[in-house]
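*Asks:* What follows is a single structure, and I will ask about it in a moment.
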Amino acid sequence: MTTFDGQLFALSYSCDLGERMAEHLGVALAAVEEREFEGGEHKTRPLVNVRGRDVYVVASLAGDSDHTANDKLCRLLFFIGALKEASADSVTAVVPYLCYGRKDRQTKARDPVTTRYIAQLFEAVGTDRLVAIDVHNLAAFQNAMRIPTDHLEATQLFVEHVGDTMGDAALVVVSPDIGGVKRAERFRSRLATELGADIELAFTGKHRSRGVVSGPDRVLGDVEGKVALVIDDLISSGGTMARVADMLVRQGSTQVHLLATHGALMPGAAALFSDPSVDGVVLTDSIVPGRLPADVVGDRLTVLEVGPLLAQAISAIHENGSLTELLQLDR
């Protein structure tokens, strides 16, 4: 195995994830100074020499009780700028959760296209490459960015988890909306191959206007007598997932498990963990777990680690190796 000789930094709000990645890479996290000033201003700088080095910065951009998404984004951008100012040869932003990914097109008059603005901000400070996991709209993400990007998926993590825990059950994969059908199909295809089983796909639809979600009251597909695996990129308030779980139970599913890469878990999502229609929730740690109290989530929550996936990705990038398998691309 080739020794990783790049420099890996993690900002404070993603330090735990950075430590796990560093362990997989066999290195120590590079030292960072993060200082707070009056009025909410701040400064972040590397405490090691980065001149001529390939640098990787881990920062997941989901807002929490300590820092808003805006604050985290600003800190990351300023740090990337500082690294370029200090003559780093290249800077790769490793952003497990990329904020503002849901606002990728104009749906009302004079709407912003925030995904494009985020791309321009990363470009403006000199970011050389960006790595993300399961962005909301892959086409919009790739079209917005004019720097190289690597889009990773948590699909294989979910495949392995389901294979280990539910592999003998009759399964059906469900997309909670039409926009997620391709994601659900990739998961269904990989799961079917892994288990050597015939697994069907089902989906429903929803309409969002001014923050209010509405949609049909039926799932399209054969779910009766099967364990339903509802997969999405994000669980925020949990309203969509709760609605789909209820429909699945009413249409005869024996169990319902909710799978999502990013667990934003706003306060309203607490209801998912007491919902009789929901048997389990599976998330990754792309967003720091623990947003809801342990006594709320109970034993219904499973968290899968993305550290090894990210570590493999940046190792391959650093060595100019192939990411075909990690990116889950067809050869």
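*Asks:* Can you name the condition, by its number, that R53 falls short on among (1) farther than 25 Å from I287 by Cβ; (2) of a type outside the set (S, T, N, Q); (3) free of Cβ contacts under 8 Å to residues at least 24 places away in the same chain?
*Replies:* All conditions are met except number (3).
*Asks:* Only one of (1) free of Cβ contacts under 8 Å to residues at least 24 places away in the same chain; (2) in a loop (DSSP other than H, G, I, E, B); (3) in contact with a strand residue (DSSP E or B) (Cβ under 9 Å, 6 or more places away or on another chain) is not met by E185, so which one is it?
*Replies:* (2)
*Asks:* Among the residues of segment 291-302, are any surrounded by fewer than 16 Cβ atoms within 10 Å (Cβ to Cβ), part of a strand (DSSP E or B), touching a strand residue (DSSP E or B) at 6+ places or on another chain (Cβ under 8 Å) and touching a residue at least 12 places away in the same chain (Cβ under 8 Å)?
*Replies:* yes
*Asks:* Those residues that are among the aliphatic types (A, V, I, L, M) and in a helix (DSSP H, G or I), I need them from segment 1-57; list them, please.
*Replies:* Passing the criteria: L17, M21, A22, L25.
*Asks:* Please specify each residue of segment 303-324 satisfying the condition of being buried (at least 17 other Cβ atoms within 10 Å of the Cβ) and either out of contact with any strand residue (DSSP E or B) (no Cβ under 7 Å at 6 or more places or on another chain) or on the phi > 0 side of the Ramachandran plot (or both).
*Replies:* Those that are buried (at least 17 other Cβ atoms within 10 Å of the Cβ) and either out of contact with any strand residue (DSSP E or B) (no Cβ under 7 Å at 6 or more places or on another chain) or on the phi > 0 side of the Ramachandran plot (or both): G307, A311, Q312, S315, A316.
For every residue, the table says whether it meets (1) in a helix (DSSP H, G or I); (2) at pLDDT 95 or above.
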{"site": "H262", "(1), (2)": "no, yes"}
{"site": "G268", "(1), (2)": "yes, no"}
{"site": "G321", "(1), (2)": "no, no"}
{"site": "D330", "(1), (2)": "no, no"}
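*Asks:* Further, regarding this structure: Would you say V91 is within 21 Å of S12 (Cβ to Cβ), more than 16 Å from the chain's Cα centre (by Cα) and not in a helix (DSSP H, G or I)?
*Replies:* yes
*Asks:* Of all residues in segment 55-87, count the ones that are under 22 Å from the mean Cα position of the chain (by Cα), over 11 Å from V125 (Cβ atoms) and surrounded by fewer than 20 Cβ atoms within 10 Å (Cβ to Cβ).
*Replies:* 9
*Asks:* A further question follows. Only one of (1) in contact with a Gly (Cβ under 9 Å, 6 or more places away or on another chain); (2) among the hydrophobic types (A, V, I, L, M, F, W, C); (3) at pLDDT 95 or above is not met by M1, so which one is it?
*Replies:* With respect to (1) in contact with a Gly (Cβ under 9 Å, 6 or more places away or on another chain); (2) among the hydrophobic types (A, V, I, L, M, F, W, C); (3) at pLDDT 95 or above, M1 is out only on (3).
*Asks:* Could you look through segment 111-136, keep only residues that are within 14 Å of the chain's Cα centre (by Cα) and among the β-branched types (V, I, T), and pick out the one that is surrounded by the fewest Cβ atoms within 10 Å (Cβ to Cβ)?
*Replies:* V131
*Asks:* Scan segment 134-153 for residues that are assigned to a loop (DSSP other than H, G, I, E, B) and either aromatic (F, W, Y) or free of Cβ contacts under 8 Å to residues at least 60 places away in the same chain (or both) and jot them down.
*Replies:* Listed by number, the residues that qualify are N137, M145, R146, I147, P148.
*Asks:* If you don't mind, another one. Looking at the structure I just gave you, is K108 at negative phi, crowded, with 17+ Cβ neighbours inside 10 Å, free of Cβ contacts under 8 Å to residues at least 24 places away in the same chain and not in a helix (DSSP H, G or I)?
*Replies:* For K108, the condition - at negative phi, crowded, with 17+ Cβ neighbours inside 10 Å, free of Cβ contacts under 8 Å to residues at least 24 places away in the same chain and not in a helix (DSSP H, G or I) - is not met.
The values are calculated or read from the model by the stated rules, or taken from the named source; none is laboratory data. What you are looking at is a predicted structure, and each value in this text was computed from that prediction instead of being measured. Methodologically, a virtual Cβ is constructed for each residue, glycine included, from the backbone with ideal geometry; neighbour enumeration extends over all protein chains shown.
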